[in-house]
Every structure is written in structure tokens, then in C-alpha cells.
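Every number in this text was worked out from the coordinates using simple rules, so none of it is lab data. Computed from a predicted model, the values in this text were never measured in an experiment. Cβ placement follows ideal geometry from the backbone for every residue including glycine, while neighbour counts extend to all protein chains displayed.
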Amino acid sequence: MDLRQMAVVVAVAEAGGFTAAARRLHMVQSAVSGTVRALERELGTALFDRTTHRVALTPAGEAFVPAARAALRAAELAREAVDAVQGQLRGRVTVGTMQGVWAGLHHALAALRAEHPGVVVHLRQAAVADIRQALREGTVDLAVVALDRQQQRGLVTRLLSREDMVLLTSPRRVLAGMTPGGEVRLGDVAHLPLVDFTPGWAIRYAVDRSFRAAGVERSTTFEVNDIVAAAELVRNDLGVCIMPMSIADRFPDLPQHRFERHAPNWKVMVVRPPGEAPPAVAALLRHIT
């Protein structure tokens, strides 16, 4: 068994098929299939269930792929360590992000490129639950995300900012129950048509948590996985939406309303797996403030 075989198996698993993996690896499909068959003979078991319509991992494959990813990453880190000793920092850093959370990441990426042009950065945008799982699996090296206390377990975290959320409405909408200070109550918002983000989004986690803390039940009218789509629904007065103030500021034509109590909030942080950060990851972390 060698690293090349491991890389082929991982590519087939991630691409969902031999043809897609061949394109990714710039190989002919027969070479990909032959490599997998040879490894399966060596292991004495099948790694994939093959049908005419799909390719899926067997239980043995499910066990093999994470270990293969770890081995491939360890080989990369070994090369990076040697490069670092020679004063030529190279390597790859995969950064996880979520919609709405940026925290000036572009400044850090620009600084890293200027300092270490040999380091390649891949950005992966996903829901917070998927990013956390990717950190655990080692397919993401660090992430700028919003996690609650339970989600932070087993990860190294550094707080970047804390932010309250606001209610975004159409300019035409008149809110009943608004306090003299211009604030709204969660109980009154619960009766409005709500634009929610899909489960798995950090915003949805925070909003759900606040309604539970306030003892208020609500129902979702629209469920979206895109911030611009949410704003368009609000702009056309089809609903109202709760989102962090920094995101709401991107839509200056839509009024913002603060909450009287139980305001949803999130903490934006940079997170990574435990242990010593590889040289390329450590270099990027120094620029994230």
C-alpha cells in the first residue's frame, strides 16, 4: 500500500465515482479502477459497492478513508516541516467559512500570500455543523466560524468578536408591540411571517436558542440557505428575518430593530483541531486578528 493508492481511494470517495475521480486526478478511468482493485486485493476486502448507478463505500471503505486522509495529510506535513527548516514555507491550508462570517479574513489571506507565496490556501464554505465535522476529520485545517459552547468541545478556539442580532424588516412594515425605545420583543416577532435559515446554520442555532430561552414558540414561513435570498424576501415584505448586525448592514435600505430582551447573538472565532499547528497553518493564524 502506498500514498498514491490512498489518494485514489480518497478521490473516488469524495467525487462519488470513478469517472469523476479520474477527472480530478487527471488519470484515465481504467487506471483509477485498476488502482482501487489492486488495493482491495491487497486488503482482502472491497472498499466500494459498485452498481450501474452509484458507487458507495463499504463498511471497510468507511473505516479506510479517514485513515487514508490522515496518512496523506501527515505526508504533506512532513514535507512542509522540511521546507520550513530550509526557510521555504510551502504547503496547503484549507480554511472553513460560513455565509455571513468573514471577520476580515481577506486581509489575513493577503498578508500570508505576501509573506509566504508558496503556501496555497483553499476556502471551503459550508454550514457550521459540516465545518465542525471537517475539522474533526482533518479535511479543514482551521475555520472562522460561530460556534456555541457545546460545539467548541475538542477544538482549539480564539474569540474574534461577539455580536448581537437584529430584526430586519421591509420599510413598509409597521411593527406592533414595539417599545418606546424602538425595540421589539421575541414574543411579538413570533407572530410575524419569519424568514429562517436552514438547520445547521449558526444563525439558526442562535435564533432557536433565544426563542427557547424566552419560552416562545414560533413557526417558519420561509426557509432559505442564502443571505441575499433572505433579504429579497424581506425587501418585498413577504417576511421578517433575524440576522447579525454586520450582515444586516449590507442591506442599508432595510430597517433594523434591536430586541428588548433575549437578543440572539453569536461569537465569531477562529478554531482548529488540537495539537501543534503545522507551519503553514500557524503562519496564517498569526495574521487573523
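Quarter the surface of the alpha carbon convex hull of region 1-159 and you get the mean projected area, 11.6 square nanometres. Between helix 202-214 and the chain there is an angle of about 40 degrees, using the helix long axis and the longest principal axis of the Cα atoms. One quarter of the convex hull surface built on the alpha carbon atoms of region 1-71 amounts to 4.2 nm², the projected area averaged over directions. Does anyone have the angle between helix 59-85 and the longest principal axis of the chain? Alpha-carbon axes, 0 to 90°, nearest 10? For helix 59-85, the angle is close to 90 degrees. The residue list 89, 230, 175 was ranked by how far each Cα lies along the charge dipole of the chain toward its positive end, using unit charges on Cβ atoms, and 89 comes out on top. For the pair residue 88 and residue 49, label points projected 7 Å from Cα toward Cβ lie 4.7 nm apart. Highest mobility in the GNM of the chain, judged by mean-square fluctuation with C-alpha springs under 10 Å and restricted to 139, 19, 52, is found for 52. Charged neighbours of residue 284, selected by a Cβ distance under 12 Å, balance to +2 (K, R count +1; D, E count -1).
Sort region 89-168 into rounded, prolate or oblate with this rule: let a ≥ b ≥ c be the square roots of the eigenvalues of the Cα gyration tensor; rounded if a/c is under 1.5, and if a/c is not under 1.5, prolate when a/b is larger than b/c, oblate otherwise. Oblate is the answer for region 89-168, as a/c is 1.5 or above yet b/c matches or exceeds a/b. With a simple spin-label model that places each label point 7 Å from the Cα along the Cα-to-Cβ direction, the separation between residue 261 and residue 150 comes to 2.4 nm.
In the chain, the DSSP-assigned H stretches of four residues or longer account for a calculated mean residue ellipticity at 222 nm of -12500 deg cm²/dmol, using -39500 (n - 2.57) per stretch and the full residue count as denominator. Spin-label model, residue 19/residue 250: points 7 Å from Cα along the beta carbon direction are separated by 3.6 nm.
State the answer as a single residue: which of 263, 59, 220 lies farthest towards the positive end of the charge dipole of the chain, with beta carbon charges of +1 for Lys and Arg and -1 for Asp and Glu, about the Cα centre. The Cα lying farthest towards the positive end belongs to 59. Taking 210, 246, 219 in turn, the Gaussian network model of the chain (Cα-Cα springs below 10 Å) assigns the largest fluctuation to 219. Scanning the chain for trypsin sites (Lys or Arg not before Pro) lying in DSSP loops with no more than 10 further Cβ atoms inside 10 Å, the longest uninterrupted stretch between such sites is 173-289. Among 32, 189, 207, the residue with the largest mean-square fluctuation in a Gaussian network model of the chain, with springs joining Cα atoms closer than 10 Å, is 32. Taking only alpha carbon atoms, region 201-289 gives an Rg to Rh ratio of 1.08, where Rh is the Kirkwood radius.
Beyond 26 Å, how much of the Cα-Cα pair distribution for the chain remains, as a whole percent? When every Cα pair of the chain is considered, 56 percent fall beyond 26 Å. Helix 128-137 and the longest principal axis of the C-alpha atoms of the chain enclose an angle of approximately 20°.
Values of log10 I(q)/I(0) for region 72-124 across q = 0.15 Å⁻¹ run -0.49, by the Debye formula with one identical scatterer at each alpha carbon and no solvent.
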